[in-house]
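Laboratory data are not the source of any read-out in this text; all were calculated from the coordinates shown. Owing to the predicted nature of the structure, the values given are computational and were not obtained by experimental measurement. Don't worry about glycine lacking a Cβ; one is built from the backbone with ideal geometry, like all the others, and counts go over all protein chains shown.
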C-alpha cells in the first residue's frame, strides 16, 4: 500500500522557486538601490519630499525581500498575519516615540 502525500495538506512541501526569479528580484533590488542613490543627488530639489521618496523606495525593497527571499509569498495567511502584527506593533512603538519627542517642552533657565 503506497502512501500518497502529494495532495495531503498536512504535509509540508518545500517552496521551489526558480533561479530566474531570484535573479530578477536581485536585479530589481540593485536597480532600486541605484534609484536611491540617484534620488539622493536630487535631495536639494526634492526638499521635504526627499525623505518620502527614500522611504518609499526602501519599502518596495523590503517588500521584495519579504515576499521572495523570506517566502511570505508562498506562505499561509497565518504566517502573513503574524508578520503583519509584529510590523504593526513596531510602527505603533515608533509613533509613540515620535509623539513623545514632539511634545516635549524645553525649559529655559532664567539664569
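The residues 111, 93, when put in order of fewest to most other Cβ atoms within 10 Å, stand as 111, 93. For the chain, the longest principal axis of the C-alpha atoms and the axis of helix 77-102 are separated by about 10°. Against the chain, whose longest principal axis comes from its Cα atoms, helix 49-64 is set at around 20 degrees.
Averaging the sequence gap over all C-alpha pairs within less than 8 Å and six or more residues apart, then dividing by the number of residues, gives the chain a relative contact order of 20 percent.
Report the FRET efficiency, 1/(1 + (r/R0)^6), for residue 37 and residue 67, where r is their Cβ-Cβ distance and R0 is 30 Å, rounded to 0.05. Don't jump to the answer; show the numbers that get you there.
On the way: r = 23 Å, r/R0 = 0.78.
For residue 37 and residue 67, the calculated efficiency is 0.80.
One quarter of the convex hull surface, Cα atoms only: what value does that give for the range 18-70 in nm²?
Convex hull of Cα atoms, orientation-averaged projection: 3.4 nm².
Please compute the alpha carbon radius of gyration of the chain, then divide it by the globular-protein estimate 2.2 N^0.38 Å. Two decimals is fine.
On the way: Rg = 22.1 Å, N = 111, 2.2 N^0.38 = 13.2 Å.
Taking the Cα Rg and dividing by 2.2 N^0.38 Å, one obtains 1.68.
Note on residue 107/residue 51: beta-carbon distance plugged into 1/(1 + (r/R0)^6) with R0 of 41 Å gives a FRET efficiency of 0.90.
Round to the nearest 0.05 the FRET efficiency obtained for residue 16 and residue 94 when R0 = 35 Å and r is the Cβ-Cβ distance. If you can, show how the numbers build up before the last one.
On the way: r = 36 Å, r/R0 = 1.04.
Result of the calculation: an efficiency of 0.45.
Largest mean-square fluctuation among 73, 24, 61, in a Gaussian network model of the chain whose springs join Cα atoms under 10 Å apart, belongs to 24. Rounded to the nearest 10 degrees, the inclination of helix 19-41 to the longest alpha-carbon principal axis of the chain is 10 degrees.
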